[in-house]
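Novice: The structure under discussion is supplied below as structure tokens; questions concerning it will follow.
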Amino acid sequence: MAIIDYFDRGLRINPRGIAYIQGERSYSFREIGELSCRIANGLLAEGFGRETKGAVWADNDVTAWSCALGLWRAGMAYIPVNGRNAPEENQFILDAFDCEVLFFQEAFASVIETLRPRLPKVRLWVCIDAALPWAPSLSTWSEGQASSAPLIDYDMDDVVTLSATGGTTGAPKGVMNAHRAYQAYFAQFMMAFPYQGDERPVNLAAAPMTHTAGMLSLPCTARGGTVVVLPKPDPAALIGAIAKHRVTELFLPPTVIYRLLDIPGIGKQDFSSLKYFLYGAAPMSVEKLKRSIEVFGPIMAGGYGQTEAPASISYLTPAEHFVGGELASDERLSSVGRPNPLIRVEIMGEHGEVLPQGETGEICVRGDLVMKGYYKAPDKTAEAIVDGWLHTGDIGHLDAEGYLHITDRKKDMIISGGFNVYPSEIEQVIWSHPAVQDCAVIGVPDEKWGEAVKAVVELNAGYEVSADELVALCKQKLGSVKAPKSVEFVAALPRSPVGKVLKKDLREQYWQGQQRKI
């Protein structure tokens, strides 16, 4: 199936049904289907062809998402642009990825206008919600175009998304994902998180739709369900939307879930409609996961994926959080689930050999889910995909039950006194302290050890804990080698627009002028 076919499946199932809700406005499948057709026909009339690159620069918004649907319907490749990025980063992405069409919200118009001289490849500018001297409004531009779907030839290996990754470790790379990858992604998601008969899911898109939340809305759409769109993951608005719209599924990164858990009276809210509460994009504290199950119910669902193998390498389903009716062990809860059925996952050693179950090495993935490659970067593609295997850069192991554990990113591993120290193991211990909201463990230069373990900690409001207490806790749980040699308290950890802690930024202040060996 082509990626647009997932929307069209919902359109056929439920043409008069509500496809999207934003604020007090509802949009039917037929309305959005016709809008996406007019956008697609407008693009084709302008001469934009198969796999031409087009971008949407907007916050979460139904009309902006319709532009992405229109790009796919025209056979083009969609470049997601996160409005929370620095303007210079978005400018780099659009130019490096050869963007020729840019849809954008008026809120970003002044910034985009200053960048226009540096974006000479863009041939069409369309403002989604206003008319500008240099860009027509979407309604004016698409007026008069046919509201029927154009007939477009496609191949399953055509690139449909060109997504930026690697910006936290250097210049962003463009990940090319094809129809084939999303077919595997959506099939695995729909198998893992089923609905009965004519049951209609209600998906809450609160995290950025330019990332996981957008793509996770498509299986809901394919089932004829409704996607409730929030401009941002505001905790109060999010909780209100769940109750008001009887939301059945949503995805949030752990950092936002932690904020929800801190809301006074959160346990008294009505979450009875929720069937699947997905968490991922970053490791989650086991203690906070247990608390989430208490508050939200037995509906938590973990997952693991990368931009290079989108969102469905493995899932830890709600049922797998339990054994015999009791909460599963901490070992299982710290996993990202079992590898999904339409791909192959192995743990490999330094020379590409498959390691026995239980041994730690690099997580490698093979199958239709794997990206086509990095855009205009054959050397980086060859480094990442070897003999058909995507080398994820994540270190981990498969336990005795086949559950996948991510120990850490290869680049985040600390070598201290000749020992490999994995930050995530230490972070789990520090997260377990009730005073800790979040933390990041990094390696810093040390004359004696080469690298010393350092914990950077963000505390819960109104709580206190000393560095010595946290070090003692780690020594008790992990021994002295893995315990931090120092602890620093900060008001807020640096995070990416999607909530990932930027360990690179934390390390830089300590490694200036020095070279890490990893």
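The values are calculated or read from the model by the stated rules, or taken from the named source; none is laboratory data. Computed from a prediction, not measured in an experiment: that's the story for all the values here. When we count neighbours, we look across all protein chains shown, and the Cβ atoms used for this are built from the backbone with ideal geometry, even at glycine.
Novice: I need the full set of residues from the range 2-34 which are surrounded by fewer than 21 Cβ atoms within 10 Å (Cβ to Cβ) and either at positive phi or in contact with a Pro (Cβ under 9 Å, 6 or more places away or on another chain) (or both), in order please.
Specialist: GLN22, GLY23, SER28, ARG30
Novice: Same structure again: Hey, could you check the range 430-478 for residues that are of a type in the set (S, T, N, Q) and within 31 Å of the chain's Cα centre (by Cα) and say which is farthest from ARG259 (Cα to Cα)?
Specialist: The extreme case among them is SER432.
Novice: Do the conditions hold for VAL481, that is, is it surrounded by fewer than 14 Cβ atoms within 10 Å (Cβ to Cβ), touching a residue at least 40 places away in the same chain (Cβ under 8 Å) and either assigned to a loop (DSSP other than H, G, I, E, B) or on the phi > 0 side of the Ramachandran plot (or both)?
Specialist: yes
Novice: Across the range 321-344, what is the number of residues that are over 22 Å from the mean Cα position of the chain (by Cα) and closer than 21 Å to PRO194 by Cα?
Specialist: 3
Novice: If PRO231 passes every condition in (1) closer than 30 Å to PRO264 by Cβ; (2) surrounded by 21 or more Cβ atoms within 10 Å (Cβ to Cβ); (3) in contact (Cβ under 8 Å) with a residue 60 or more places away in the chain; (4) not aliphatic (A, V, I, L, M) but one, which one does it miss?
Specialist: Here PRO231 meets the rest and fails (2).
Novice: Does the range 259-318 hold any residues that are assigned to a loop (DSSP other than H, G, I, E, B), hydroxyl-bearing (Ser, Thr, Tyr) and either modelled with pLDDT of 95 or more or over 21 Å from ALA187 (Cα atoms) (or both), and which are they?
Specialist: SER272, SER273, SER285, THR317
Novice: Is it fair to say PHE97 is in contact (Cβ under 8 Å) with a residue 12 or more places away in the chain, among the aromatic types (Phe, Trp, Tyr) and closer than 16 Å to GLY174 by Cα? Step through it out loud before you land on a result.
Specialist: Working: in contact (Cβ under 8 Å) with a residue 12 or more places away in the chain: yes; among the aromatic types (Phe, Trp, Tyr): yes; closer than 16 Å to GLY174 by Cα: yes.
Against the criterion (in contact (Cβ under 8 Å) with a residue 12 or more places away in the chain, among the aromatic types (Phe, Trp, Tyr) and closer than 16 Å to GLY174 by Cα), PHE97 qualifies.
Novice: Let me ask something else about it. Could you say whether any residue in the range 192-209 is touching a residue at least 12 places away in the same chain (Cβ under 8 Å), closer than 29 Å to ARG495 by Cβ, of a type outside the set (Lys, Arg) and part of a helix (DSSP H, G or I)?
Specialist: Within the range 192-209, one or more residues are touching a residue at least 12 places away in the same chain (Cβ under 8 Å), closer than 29 Å to ARG495 by Cβ, of a type outside the set (Lys, Arg) and part of a helix (DSSP H, G or I).
Novice: Specify which of the listed residues (ALA96, ALA149, ALA107) is farther than 27 Å from PRO339 by Cβ, in contact with a Cys (Cβ under 8 Å, 6 or more places away or on another chain) and not basic (Lys, Arg).
Specialist: ALA149
Novice: OK, next. So which residues in the range 420-454 are small (Gly, Ala, Ser) and under 21 Å from LEU289 (Cα atoms), if there are any at all?
Specialist: SER424, SER432, ALA435, ALA440
Novice: While we're on this one: Take the residues in the range 385-404 that are assigned to a strand (DSSP E or B) and in contact with a helix residue (DSSP H, G or I) (Cβ under 8 Å, 6 or more places away or on another chain), then tell me which one is farthest from TYR375 (Cα to Cα).
Specialist: ILE395
Novice: Of the numbered conditions (1) buried (at least 16 other Cβ atoms within 10 Å of the Cβ); (2) closer than 21 Å to ARG291 by Cβ, ALA461 fails exactly one; give the number of that condition.
Specialist: (1) is the only condition that ALA461 fails.
Novice: Name the one entry in ALA467, ALA461, ALA435 that is among the aliphatic types (A, V, I, L, M), in contact with a Leu (Cβ under 8 Å, 6 or more places away or on another chain) and over 28 Å from HIS397 (Cβ atoms).
Specialist: Just one listed residue meets the conditions, ALA435.
Novice: Restricting to the range 319-340, name every residue that is out of contact with any strand residue (DSSP E or B) (no Cβ under 8 Å at 6 or more places or on another chain), over 22 Å from SER424 (Cα atoms) and not in a strand (DSSP E or B).
Specialist: Across the range 319-340, the qualifying residues are ALA319, GLY324, GLY325.
Novice: In addition: Tell me which strands (runs of 3 or more DSSP E) are completely within the range 76-177 and hold 1 or more residues being at pLDDT below 95 and under 20 Å from GLY214 (Cβ atoms), or say none if there are none.
Specialist: Values: elements: 77-82, 101-104, 124-127, 159-165.
Those strands (runs of 3 or more DSSP E) span 77-82, 159-165.
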